[in-house]
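Participant: Pasting in a structure now, in structure tokens, and then I'll have a few things to ask.
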Amino acid sequence: MSIADLKARTQHIFDVFNQHDAIAAAAHFTDTAELCDVAVSRPVLGREQIAAIYARHFAAIPDSHVRIDRMVAEGQTVAVEWTLAGTHRGRLLGIPATGKPICFTGVSLIRFQAGLAVADTRIWDVAGLLRQIGLLPSPE
């Protein structure tokens, strides 16, 4: 795939995610894809598990929206800086709903093969989220 195609495919993944369609978003991953999230203790493996984690996310933050702030690509990998905003209305990372608004930033590194994502590594501001929902004190 060309760089333009990779960026368009990545944009589409984020667009479908913002429509809260877990199955359609996960359809852009291979059956053996690996999603590594800094807040999850072990990789999420395969399209079905990726769809399940997306569904849990949408239940926890039903109004979530991810904005792409910057996207760059090289080879078969796309790096995306993003901002996610929404309201914590369900269990997230084992934490009961707080009803508080949240907004945090992160980076995703998505590697493609034959037009599908085979790996997605996410690094995001977990401490910022925990501060916003009252589980960590504000920095001094």
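Participant: What is the one condition in (1) buried (at least 17 other Cβ atoms within 10 Å of the Cβ); (2) assigned to a helix (DSSP H, G or I) that A55 does not satisfy?
Facilitator: Result: A55 passes all but (1).
Participant: Restricting attention to segment 94-111, which residues are touching a Ser or Thr at 6+ places or on another chain (Cβ under 8 Å), hydrophobic (A, V, I, L, M, F, W, C) and closer than 13 Å to L135 by Cβ?
Facilitator: Scanning segment 94-111 gives a single hit, I102.
Participant: To continue, here is another question. On the given criteria, is E48 within 23 Å of G115 (Cα to Cα), acidic (D, E) and in contact with a helix residue (DSSP H, G or I) (Cβ under 9 Å, 6 or more places away or on another chain)?
Facilitator: It is true that E48 is within 23 Å of G115 (Cα to Cα), acidic (D, E) and in contact with a helix residue (DSSP H, G or I) (Cβ under 9 Å, 6 or more places away or on another chain).
Participant: Exactly one condition in (1) in contact with a Lys or Arg (Cβ under 9 Å, 6 or more places away or on another chain); (2) closer than 28 Å to M1 by Cα is not met by R91; state its number.
Facilitator: (2)
Participant: Of the conditions (1) surrounded by 18 or more Cβ atoms within 10 Å (Cβ to Cβ); (2) in a strand (DSSP E or B); (3) of a type outside the set (A, V, I, L, M), F17 satisfies every one except a single condition; which number is it?
Facilitator: (2)
Participant: Just the residues that are closer than 16 Å to F112 by Cβ, touching a helix residue (DSSP H, G or I) at 6+ places or on another chain (Cβ under 6 Å) and surrounded by 15 or more Cβ atoms within 10 Å (Cβ to Cβ), please, taken from segment 20-45.
Facilitator: Matches in segment 20-45: A25, A26, H28, F29, L35.
Participant: Taking segment 70-84 as the region of interest, how many residues are in a strand (DSSP E or B) and either over 23 Å from Q11 (Cβ atoms) or over 12 Å from the mean Cα position of the chain (by Cα) (or both)?
Facilitator: Qualifying residue count for the region: 8.
Participant: Can you go through R67, R89, R122, R111 and tell me which one is in a strand (DSSP E or B), touching a Gly at 6+ places or on another chain (Cβ under 7 Å), modelled with pLDDT of 95 or more and of a type in the set (D, E, K, R)?
Facilitator: Answer to the check: R122.
The values are calculated or read from the model by the stated rules, or taken from the named source; none is laboratory data. Small disclaimer: the values here were computed from a predicted structure and weren't measured. Cβ: placed from backbone, ideal geometry, glycine included. Neighbour counts: every protein chain shown.
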